[in-house]
1. Would you be able to tell me the number of residues in the range 19-40 that are of a type in the set (Ser, Thr, Tyr) and either in contact (Cβ under 8 Å) with a residue 60 or more places away in the chain or exposed (fewer than 10 other Cβ atoms within 10 Å of the Cβ) (or both)?
2. It is to be established whether one or more residues within the range 41-51 are of a type outside the set (Gly, Ala, Ser), assigned to a strand (DSSP E or B) and free of Cβ contacts under 8 Å to residues at least 24 places away in the same chain.
3. Mind listing whichever residues of the range 4-33 are part of a strand (DSSP E or B) and of a type in the set (Phe, Trp, Tyr)?
4. Quickly run through the range 55-71 and pick out the residues that are at pLDDT below 70 and in a loop (DSSP other than H, G, I, E, B).
5. Modelled with pLDDT of 95 or more and surrounded by 11 or more Cβ atoms within 10 Å (Cβ to Cβ): which single residue out of Ala74, Ala48 fits that description?
6. Could you grab me the full set of residues in the range 1-17 that are over 19 Å from Arg57 (Cβ atoms) and surrounded by 10 or more Cβ atoms within 10 Å (Cβ to Cβ)?
7. Within the range 27-42, which residues are more than 12 Å from the chain's Cα centre (by Cα) and of a type in the set (Ser, Thr, Tyr)?
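The values are calculated or read from the model by the stated rules, or taken from the named source; none is laboratory data. Keep in mind that this is a model prediction, so the values were computed, not measured. Note that we place each Cβ from the backbone using ideal geometry, even for glycine, and neighbour counts take in every protein chain shown.
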Amino acid sequence: MIWFYQRGGQHLYYEVRLRQDGPGYELGVWYPEGTVLTEQFDTEDALAERFLDLQTRLNREGWGALEPRTADLALRRQSAGDPVSRVC
């Protein structure tokens, strides 16, 4: 699962996934400047604890969830004459 965050025009995201090299989990964080941090966990409990710590820290530092872009929003902007942003 992937979560997207924004702050002052910057974006970051983090992903929780199963480890590919064996049992356990990985938490990957992609920071705006290009840094990638990957942590590995043997148990769901350890991952869940770190996940909550990360969310708390991001919120404390002013990061907020990225607003979803829906087709409905794009259509409303287009009908109002605003340019439509394309998200790939």
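1. 1
2. Yes: the range 41-51 contains one or more residues that are of a type outside the set (Gly, Ala, Ser), assigned to a strand (DSSP E or B) and free of Cβ contacts under 8 Å to residues at least 24 places away in the same chain.
3. Correct list: Phe4, Tyr5, Tyr13, Tyr14, Tyr25, Trp30.
4. Across the range 55-71, the qualifying residues are Pro68, Arg69, Thr70.
5. Ala48
6. Arg17
7. Thr35, Thr38
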